[in-house]
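Dumping the structure here so I can ask a few things about it.
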Amino acid sequence: MKGNVIASKTISIIRRAFREYYFNQSNAIEEPIKMEQREFGYMHFGQAGMLRHLSFKSKKELDAVLVREAPSDVYCSNAYYRFPTQQPMQEKQWLGADLIFDIDGKDLGMPCVPSHSYSVCINCGYVSAPPEQDEERSSYSCLSCGYKKADHVSIPCSKCIDGSRKEARHLMDFLLRDIGLEHNAINIYFSGNNGFHVHINDDACSSLDPQARSDLVGYLSGTGLMLESVGVRKTNTDGSFYIKFPKSGLTYGWRRIIAEKLKIDITSAVKLKNIVNQYGGYNSFKVELDRLARTMGVRIDPQVTTDVHRIFRMPGTLNSKSGLSKTKSRDLYSFDPFVDACLLGDDKISLRVKTPVKLKLKGSSFNISNESAEIPAYAAVYLMCKGLAEAD
Amino acid sequence: MAGSDLAKYPFLNEAGQYLRESSFGWEELNRPDMKYIIDRAAERIEIGVDGKVYDNLERYEIEILTFLISLVIVKSIGIDQVLRKFALAEARRAEKFLTEDLRKQSEIKRRSIFTKIFEDLFKLKIAISEDQRLFKVRVVDYLARAAHFHEQEWKLINRLVYSGYVYLDADETVRIIRNELAVLIYDKVKAMTLPTLPQGMKSKADQLRVKLLSRYEQRGSVVVTDYPPCIKHALGVMNRGDNLPHSARVMLATYMLAIGKPIDEIVLMFENAPDFNEKITRYQVEHLAGMKGSHTKYSVPSCDKLRSENLCFATAECDNLINPIQFGRKKNKE
């Protein structure tokens, strides 16, 4: 949410709704494990910058601050520190960090996205249909004020959420089957806008350094697979190759995934040789294997997982991009973020929409084509947070 | 643990225990028959410092003493690079024996030696795979070690991974603890209090010091006249007075610290930066040098890291470097 273009009346309505939430539903906010060793931070509506390096001794203390400040976004470190409030970072004395994964719906390239996306000028707030291609975004010019920068917002639909849900499920499969995590160590949260955050509660993982996390991300996302791992070896001469399967076989991990895909096993040297030749030899097959592995891997944000000093949206708090809450999903299949994470009240609020919009929240559909409307707070705040409506 | 095991793995606590039980005293080293062991120890150090593995193996009474004497001589030489090279060579020697043992020993025996060395010294649990052909280590234990290897084949994606374990053959299992073995030997020497050396040993240590000192003094005083392209690029940006990203400033400062530039000179390199503040820059450079804050001395970021941050401007001369710091050294060797 870009506070600089949102009128103060709109901000005060959103803020009031957030404050009410923090006052009435403090139970929804999860107390982090080892709370006293975490760094906290939050942002204010309409103000740039973040207040961070904070520490709370108890959940009660945090609850009080949330009601008092009604922040736009609340963050908590994935790291544990001996001195969480110290600066610079080295002085905090890092003790470990939860392993986390971020699945962002906007990175999944869902085909439905253009049909429910908008460009909101960051200077005047004017809303227009989004440019079709990424390259065109750089040539954006506001039709109202001519300003060159816009926020590209989306009202995720059920297909978008299904896309993220599928990705989260795929990540779970890898974590359970290959990495050997216990089911109860994996906590999946709806991010509060358009994706899922997966938090791992496992002591052994918390000591992993950024390089180890990066290696794990490579595994999960299917990057860096060598042809030699599946038995295709380069000879010293130009691009020619021979087949020699690894001594340890193809039974597990990515070797198994690729072997199953290509329908080969360690007796299929001739078949594999033919496959490689069909693609045009070692180098061309390498390009194909890279592509194949990436498609079969999980689309996670590598930066988030490898950063061991990040402060990350706190479970149970509201996301100012939507007014929805970062909510734990106990059953990924039945979880509906537009119901389960939509926790604001339903007092009626008058607003003016900047463009006709359709949305479905808490089981109610809204199809607003008139400029002015009166709708429940949860839906009104959602549209205001998206920059698609102003308080009337 | 059998004597033959102690001969191969003299860094184990049992070897120390053997010495205590045999009531070994330093004065015994003056005995004429000890000259053989002292010479052997010196040879072992020289070979190790040359980056090779000393592969002569005798009975354990000789091996344990040779190892102990070589540690004392390395300590007495007092040159850190010598100690590092020696520690790495010793780790590779043990690695070689461990791999051989693993390949040929019977199940029970290899399991016991492995459990002992890996778990006692490195808190690394290893198990035998279900079909008895391979070894397996927990994924997190593997990542904590192998993620720091540069070769692509060690990336987790290129490994057999299943149900929380990475499956490895004998060579690979041993390879993942090589660095820790080297650190163990390095730390052993660092923690040692030097005894008063018997004459025969002292003269051997002095001889070796003189020989090695010239080599390392020369290397230490090398003046880097040609910087690697990433550093040249950063200096160019800085000299033009353009803004250099934080990561590039860290690279520049850690590089200059590593080649031994004085802090004052490094601080002045940043004076053209648009946001230059001498006090802050000095604090930051001192911080990177490990003189402030957590007293962690920062190393120069690896080429991999620089590539990922778009700070790499590699030329043909960078071939096979893994860290910009090697650039100057490589050039100077030629």
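In the stretch A:271-313, which residues are surrounded by 14 or more Cβ atoms within 10 Å (Cβ to Cβ), among the small types (Gly, Ala, Ser) and free of Cβ contacts under 8 Å to residues at least 24 places away in the same chain?
Result: A:SER284, single match.
Can you go through B:SER308, B:SER299 and tell me which one is assigned by TED's automatic domain parsing to the domain that holds B:ALA234 and modelled with pLDDT of 85 or more?
Only one candidate passes the filter, namely B:SER299.
Residue by residue, here is whether (1) in contact with a Cys (Cβ under 6 Å, 6 or more places away or on another chain); (2) part of a loop (DSSP other than H, G, I, E, B); (3) loosely packed, with under 14 Cβ neighbours inside 10 Å; (4) on the phi < 0 side of the Ramachandran plot holds:
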| site | (1), (2), (3), (4) |
| --- | --- |
| A:ARG15 | no, no, no, yes |
| A:GLU20 | no, no, no, yes |
| A:PHE45 | no, yes, no, yes |
| A:ALA64 | no, no, no, yes |
| A:ARG68 | no, no, yes, yes |
| A:VAL74 | no, no, no, yes |
| A:THR85 | no, yes, yes, yes |
| A:GLN90 | no, no, no, yes |
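Sticking with this structure for a sec: If a residue must be under 27 Å from A:TYR21 (Cα atoms), hydrophobic (A, V, I, L, M, F, W, C) and touching a Gly at 6+ places or on another chain (Cβ under 7 Å), how many such residues does the stretch A:80-119 contain?
1
To continue, here is another question. Name the single residue, out of those in the stretch A:47-62 being of a type outside the set (S, T, N, Q), under 14 Å from A:MET314 (Cβ atoms) and assigned to a loop (DSSP other than H, G, I, E, B), that is modelled with the highest pLDDT.
It comes out as A:PHE56.
Name the single residue, out of those in the stretch B:159-173 being within 18 Å of A:CYS205 (Cβ to Cβ) and not aromatic (Phe, Trp, Tyr), that is nearest to the other protein chains (Cβ to nearest Cβ).
Restricting to residues being within 18 Å of A:CYS205 (Cβ to Cβ) and not aromatic (Phe, Trp, Tyr), the top hit is B:GLY164.
Taking B:ARG44, is it assigned by TED's automatic domain parsing to the domain that holds B:SER203, crowded, with 19+ Cβ neighbours inside 10 Å and among the charged types (D, E, K, R)?
In short, yes.
Out of all the residues in the stretch B:169-187, which are surrounded by fewer than 20 Cβ atoms within 10 Å (Cβ to Cβ) and farther than 18 Å from B:GLN81 by Cβ?
Selection gives B:ASP169, B:ALA170, B:ASP171, B:ARG175, B:ARG178, B:GLU180, B:LEU184.
Return the total of residues in the stretch B:278-328 being touching a Ser or Thr at 6+ places or on another chain (Cβ under 7 Å), more than 15 Å from B:GLY260 (Cβ to Cβ) and of a type in the set (S, T, N, Q).
So the count comes out to 1.
Exactly one condition in (1) assigned to a helix (DSSP H, G or I); (2) surrounded by fewer than 21 Cβ atoms within 10 Å (Cβ to Cβ) is not met by A:GLU30; state its number.
Failed condition: (1).
Restricting attention to strands (runs of 3 or more DSSP E) lying wholly within the stretch A:181-235, give those where 2 or more residues are over 27 Å from A:LYS106 (Cβ atoms) and away from chain B (no Cβ under 14 Å).
none
Which count do you get for residues in the stretch B:260-296 that are assigned to a loop (DSSP other than H, G, I, E, B), within 11 Å of chain A (Cβ to nearest Cβ) and either modelled with pLDDT of 85 or more or in contact with a strand residue (DSSP E or B) (Cβ under 7 Å, 6 or more places away or on another chain) (or both)?
1
Then there is this: Would you pick out the residues in the stretch A:237-279 that are part of a helix (DSSP H, G or I) and over 36 Å from the mean Cα position of the chain (by Cα)?
A:ALA269, A:VAL270, A:LYS271, A:LEU272, A:LYS273, A:ASN274, A:ILE275, A:VAL276, A:ASN277, A:GLN278
Return the residue satisfying two criteria in turn: it lies in the stretch B:258-277 and is within 20 Å of B:TYR298 (Cβ to Cβ) and among the charged types (D, E, K, R), and of such residues it is surrounded by the most Cβ atoms within 10 Å (Cβ to Cβ).
B:LYS261
When you scan the stretch A:166-180, how many residues do you find that are within 20 Å of A:THR251 (Cβ to Cβ) and in a helix (DSSP H, G or I)?
5
Please state which one of A:THR251, A:THR237 is over 28 Å from A:LEU99 (Cβ atoms), surrounded by fewer than 18 Cβ atoms within 10 Å (Cβ to Cβ) and among the β-branched types (Val, Ile, Thr).
A:THR237
Among A:SER77, A:SER72, A:SER58, which is free of Cβ contacts under 8 Å to residues at least 40 places away in the same chain, closer than 26 Å to A:GLY323 by Cα and small (Gly, Ala, Ser)? Can you show your working first?
Working: A:SER77 fails: free of Cβ contacts under 8 Å to residues at least 40 places away in the same chain; A:SER72 fails: free of Cβ contacts under 8 Å to residues at least 40 places away in the same chain.
It is A:SER58.
Separate question: In the stretch B:123-158, how many residues are in contact (Cβ under 8 Å) with a residue 12 or more places away in the chain, at the interface with chain A (Cβ under 7 Å from one of its Cβ atoms) and closer than 24 Å to B:CYS303 by Cα?
Matching residues across the stretch B:123-158 total 3.
Can you tell which of A:LYS358, A:LYS326 is buried (at least 22 other Cβ atoms within 10 Å of the Cβ), assigned by TED's automatic domain parsing to the domain that holds A:LEU176 and under 20 Å from A:LYS159 (Cα atoms)?
Unique residue meeting the criteria: A:LYS326.
Kindly list, by first and then second residue, each pair from a residue in the stretch A:249-263 that is within 8 Å of chain B (Cβ to nearest Cβ) and farther than 17 Å from B:GLU153 by Cα to a residue that is in a helix (DSSP H, G or I) and at pLDDT 95 or above, limited to pairs with Cβ atoms under 7 Å and residues at least 6 apart or on different chains.
Partner pairs satisfying both residue conditions: none exist.
Let me ask another. Of the residues that sit in the stretch A:280-318 and are of a type in the set (Ser, Thr, Tyr) and farther than 30 Å from A:GLN25 by Cα, which one is farthest from the chain's Cα centre (by Cα)?
Filtering the stretch A:280-318 for residues that are of a type in the set (Ser, Thr, Tyr) and farther than 30 Å from A:GLN25 by Cα, the one farthest from the chain's Cα centre (by Cα) comes out as A:TYR282.
Further question on the same structure: Name the residue that is surrounded by the fewest Cβ atoms within 10 Å (Cβ to Cβ), counting only residues in the stretch B:115-162 that are of a type in the set (S, T, N, Q) and farther than 29 Å from B:LYS188 by Cβ.
Across the stretch B:115-162, the extreme among qualifying residues is B:GLN132.
Name the residue, out of B:ALA127, B:ALA146, B:ALA170, that is more than 23 Å from the chain's Cα centre (by Cα), among the hydrophobic types (A, V, I, L, M, F, W, C) and farther than 21 Å from B:LYS75 by Cβ.
B:ALA127
Related question: Only one residue in A:ILE188, A:ILE200 is in the same structural domain as A:TYR378 (by TED's automatic domain parsing), within 20 Å of B:TYR142 (Cβ to Cβ) and crowded, with 17+ Cβ neighbours inside 10 Å, so which one is that?
Details: A:ILE188 fails: within 20 Å of B:TYR142 (Cβ to Cβ).
Unique residue meeting the criteria: A:ILE200.
Tell me which of these B:LEU184 doesn't satisfy, since it passes every other one: (1) in the same structural domain as B:TYR9 (by TED's automatic domain parsing); (2) aliphatic (A, V, I, L, M); (3) farther than 25 Å from B:GLU100 by Cα.
Here B:LEU184 clears every test but (3).
The values are calculated or read from the model by the stated rules, or taken from the named source; none is laboratory data. All values derive from a computational prediction rather than experimental measurement. Here Cβ is always computed from backbone atoms with ideal geometry, including for glycine, and neighbour counts include all displayed protein chains.
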